[in-house]
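The values are calculated or read from the model by the stated rules, or taken from the named source; none is laboratory data. Computed from a predicted model, the values in this text were never measured in an experiment. All Cβ positions, even for glycine, are placed from backbone atoms using ideal geometry, and neighbour counts span all protein chains on display.
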């Protein structure tokens, strides 16, 4: 089965940029399936793109080609890449956009071979001239090493805040508000065990996993007091907010059929703290 | 021929939600054609989604799979459904979203069989974990009864206002303003006969059909006076408004190359009245 | 290989219009690949659509079917067209939208044959009832002459300003601001030769080509002073603006990782002048 190409860009949909890239792809790899992951990443927002990619990759079949063009440094010396990682292929600029999806065994090559580019690539639209052709040729089976030289060290962006140094508290930050007013945070990944107890596997950093009873936890919001956990939207009283474990395993601040960001006057870039009772402490309580 | 999957959601395009659902679909049913009907339904607006679906279904080939996720009650006890109706398949929550497309012979089953869901579905993103897999398996030929138990009574939402009790008047309401400023109303369906005469087949409710000469009718707008009928945009004087029979057979309030909603200061949720001469009355006039 | 259908409209994505057109297409030509070029052309903006089309066509494989519906005159007497030009097929209204992509050898026919339309086309949605079916039938191999009578003279819109009458100056205008704040202008097409020297091939009008050293040129902005040329974004000091040769070969006003339109308080519809030293003049300089 031919792989599909998944596009993630900050090009928006008001200009023909994305469509032109699809034209280039379809000229090289006719009939290939192209899926839009998102084109509304805020211009140049590498962090948001890298997190959206991390949230999405595992839901696509192995062998998918991810064409990621959020590229504030287009035309500069940042390198254009093809990466083989986890059975998938990633194509885009070496600016940190792949920070959270790289497996240890990932291999990366620079896109240098002009046979797999449009003639005379311009310095302002590598999406069209370099990245789209690379994705289309990769779909036709061209291997990473055929594009250029192996690269040993990729650019990485700093991870969002996730600190567990103090027992009973995890420090994090708010990342992004979605269309429904749900505020995504850096706290996670949480996987449900039973009755409010979750396994916490930090998705960034080197923290050890632990078990946390969210039923007994609070989420402190910078200058906004604290909120409780809810299993589902339904469990939250109308016009109040709570935190849930969202669909990516990250904690989200939400309300029941309302807009949490608006209700709280809260958004991305704020500090949050998850306070929870330590098991050992609990045992000692008389 | 493999069917296509048509997606209608309120997820917008600023987040990767829709793309992730497509990833799930393509993992189960590789290469299937996926068509975006609309993802910009206002969050949770079941009525608007149900009308957009009603406007669209008949323009797709029979056998199409409609994947409809406007789901303010995600994670609550509303049932996830697969419906066979009119030769098509509909997948989405049992919240009334299918009210206007259900044929009398429609059959519905609850999506219960975990073989056709992602493992450990989360309570916050049934679009990804339950509905997208169901659509993809349905495309592979899994029948409704294989997903779960037959359901006898589906949730319905109230129909938009359409009242014909008083001879010579039809009461309705404005529903939705489109990108061009055209205001869709609940009045219809009208099918052209000749020279301004239309057959009126009420699209909701139990009213009998009748013939109406729109050339002699007025549309009264709540607090905005009345406007006349036009056959096409062209027939309307510049910067004035009129009503036409729109592309779905519903009356729309429009202007000629202008924005009717802005010109009138008018929008959804208002009462409108179509006044027209009754044939019988006319005959008796001396 | 089956061609793909590329859609360019002003229908936006908040209504199901585009999705409905895709339903019609897929009913006639099942499984065909449909690519969205852009649906966010401002309502009725024929010039912007015609330029977006011109920027895009050459990046699609020959044989592509371009379905272009920006149609402020829908329902009036403007003719619906199918055009064969440059190995591609173009379908849309005869309102000038194809002005910049027509080759001398182009042939156009009127879409008259009701066998290739939906039954009873309505006067308000030719995209659905006439143009989408035509694109789908063209994809199945129906030839232009089978749709209707040959047309000899197509409507054209005026070209954007591009004047070279005065030696050492090219007059132009700003056309469109993109998502990143880059301002597209009518000045071009420029193709790089070496070290700041470009060949200038006027993309509209009958001006002779010439060579221009952009390194020694200034771009005068109406009421906004003048700016210099840069090879890439990188070469521009932070928070300053410059002009570059953009990805279509047209001059664009840009900044380095900033929003030029916002920095300059500048936008479409303004006069600009490219001032450059004439070679002959230079030679005579002592």
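Looking across the stretch A:174-199, just one residue is surrounded by fewer than 19 Cβ atoms within 10 Å (Cβ to Cβ) and within 15 Å of the chain's Cα centre (by Cα), and that is A:189.
Given the options A:61, A:30, name the one that is surrounded by fewer than 22 Cβ atoms within 10 Å (Cβ to Cβ), within 19 Å of the chain's Cα centre (by Cα), under 24 Å from residue A:144 (Cα atoms) and within 10 Å of another protein chain (Cβ to nearest Cβ).
On the way: A:30 fails: within 19 Å of the chain's Cα centre (by Cα).
That would be A:61, the only listed residue that is surrounded by fewer than 22 Cβ atoms within 10 Å (Cβ to Cβ), within 19 Å of the chain's Cα centre (by Cα), under 24 Å from residue A:144 (Cα atoms) and within 10 Å of another protein chain (Cβ to nearest Cβ).
When B:5, B:51, B:46 are checked against the criterion of being modelled with pLDDT of 95 or more and touching a helix residue (DSSP H, G or I) at 6+ places or on another chain (Cβ under 6 Å), a single residue qualifies: B:5. Which of the residues that make up the stretch A:257-267 are more than 13 Å from chain B (Cβ to nearest Cβ) and touching a strand residue (DSSP E or B) at 6+ places or on another chain (Cβ under 7 Å)? If the condition is that a residue be more than 13 Å from chain B (Cβ to nearest Cβ) and touching a strand residue (DSSP E or B) at 6+ places or on another chain (Cβ under 7 Å), then A:263, A:264, A:266, A:267 are the ones that fit. Counting the residues of the stretch B:112-134 that are under 23 Å from the mean Cα position of the chain (by Cα) and more than 14 Å from chain A (Cβ to nearest Cβ) gives 1. Scanning the stretch B:239-256 for residues that are within 12 Å of chain C (Cβ to nearest Cβ) and either out of contact with any strand residue (DSSP E or B) (no Cβ under 7 Å at 6 or more places or on another chain) or not in a strand (DSSP E or B) (or both) yields B:246, B:247, B:248, B:249, B:250, B:256.
Here's the yes/no breakdown for (1) facing chain B (nearest Cβ under 8 Å); (2) over 27 Å from residue C:179 (Cα atoms); (3) in contact (Cβ under 8 Å) with a residue 24 or more places away in the chain:
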{"position": "C:2", "(1), (2), (3)": "no, yes, yes"}
{"position": "C:8", "(1), (2), (3)": "no, no, yes"}
{"position": "C:24", "(1), (2), (3)": "yes, yes, yes"}
{"position": "C:34", "(1), (2), (3)": "yes, no, yes"}
{"position": "C:40", "(1), (2), (3)": "no, no, yes"}
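For the stretch A:148-160, the criterion of being surrounded by 15 or more Cβ atoms within 10 Å (Cβ to Cβ), within 14 Å of chain C (Cβ to nearest Cβ), part of a loop (DSSP other than H, G, I, E, B) and in contact (Cβ under 8 Å) with a residue 60 or more places away in the chain is met by no residue. Every condition in (1) buried (at least 20 other Cβ atoms within 10 Å of the Cβ); (2) part of a loop (DSSP other than H, G, I, E, B) is met by residue A:44 except one, and the failing one is (1). Considering the stretch C:174-184 alone, what residues qualify as being outside any loop (DSSP other than H, G, I, E, B) and either touching a helix residue (DSSP H, G or I) at 6+ places or on another chain (Cβ under 8 Å) or within 14 Å of chain A (Cβ to nearest Cβ) (or both)? The answer is C:175, C:176, C:177, C:183, C:184. Looking across C:103, C:112, one residue alone is in contact with a strand residue (DSSP E or B) (Cβ under 6 Å, 6 or more places away or on another chain), free of Cβ contacts under 8 Å to residues at least 40 places away in the same chain and surrounded by fewer than 20 Cβ atoms within 10 Å (Cβ to Cβ). It is C:103. Filter the stretch A:11-22 for residues that are more than 19 Å from residue B:40 (Cβ to Cβ) and out of contact with any strand residue (DSSP E or B) (no Cβ under 6 Å at 6 or more places or on another chain); which is nearest to the other protein chains (Cβ to nearest Cβ)? Going through the qualifying residues, I end up with A:20. Given the condition within 14 Å of chain A (Cβ to nearest Cβ) and buried (at least 23 other Cβ atoms within 10 Å of the Cβ), answer yes or no: does some residue in the stretch B:86-93 qualify? For the stretch B:86-93, residues within 14 Å of chain A (Cβ to nearest Cβ) and buried (at least 23 other Cβ atoms within 10 Å of the Cβ): present.
Looking only at the stretch C:226-235, residues that are modelled with pLDDT of 90 or more and crowded, with 21+ Cβ neighbours inside 10 Å come to 3 in all.
Quick check, is residue B:171 surrounded by 17 or more Cβ atoms within 10 Å (Cβ to Cβ) and either out of contact with any helix residue (DSSP H, G or I) (no Cβ under 9 Å at 6 or more places or on another chain) or part of a loop (DSSP other than H, G, I, E, B) (or both)? Working first, answer last.
Details: surrounded by 17 or more Cβ atoms within 10 Å (Cβ to Cβ): yes; either out of contact with any helix residue (DSSP H, G or I) (no Cβ under 9 Å at 6 or more places or on another chain) or part of a loop (DSSP other than H, G, I, E, B) (or both): yes.
When the stated conditions are applied, residue B:171 passes them.
The set of residues in the stretch B:85-103 that are closer than 18 Å to residue B:156 by Cβ and in a loop (DSSP other than H, G, I, E, B) comprises B:86, B:94, B:95, B:96, B:97, B:98, B:99, B:100, B:101, B:102, B:103.
Evaluation of residue B:50 against the conditions (1) more than 7 Å from every other protein chain (Cβ to nearest Cβ); (2) buried (at least 21 other Cβ atoms within 10 Å of the Cβ); (3) touching a strand residue (DSSP E or B) at 6+ places or on another chain (Cβ under 8 Å) shows that the sole unmet condition is (3). On the basis of being in contact with a helix residue (DSSP H, G or I) (Cβ under 6 Å, 6 or more places away or on another chain) and under 30 Å from residue B:103 (Cβ atoms), does residue B:248 make the cut? Spelling it out, residue B:248 is indeed in contact with a helix residue (DSSP H, G or I) (Cβ under 6 Å, 6 or more places away or on another chain) and under 30 Å from residue B:103 (Cβ atoms).
Tell me, yes or no, whether the stretch B:209-225 has at least one residue that is exposed (fewer than 15 other Cβ atoms within 10 Å of the Cβ), at positive phi and within 14 Å of another protein chain (Cβ to nearest Cβ). Checked the stretch B:209-225: no residue is exposed (fewer than 15 other Cβ atoms within 10 Å of the Cβ), at positive phi and within 14 Å of another protein chain (Cβ to nearest Cβ).
Condition check: surrounded by 15 or more Cβ atoms within 10 Å (Cβ to Cβ), in a strand (DSSP E or B) and not assigned by TED's automatic domain parsing to the domain that holds residue B:101. Does residue B:202 satisfy that? Spell out how you get there, then give the answer.
Values: surrounded by 15 or more Cβ atoms within 10 Å (Cβ to Cβ): yes; in a strand (DSSP E or B): no; not assigned by TED's automatic domain parsing to the domain that holds residue B:101: yes.
When the stated conditions are applied, residue B:202 does not pass them.
Is it the case that residue B:258 is surrounded by fewer than 21 Cβ atoms within 10 Å (Cβ to Cβ) and over 25 Å from residue B:167 (Cα atoms)? In short, yes. Scan the stretch C:66-84 and tell me whether some residue there is under 28 Å from residue A:132 (Cα atoms), within 11 Å of another protein chain (Cβ to nearest Cβ) and not in a helix (DSSP H, G or I). Within the stretch C:66-84, one or more residues are under 28 Å from residue A:132 (Cα atoms), within 11 Å of another protein chain (Cβ to nearest Cβ) and not in a helix (DSSP H, G or I).
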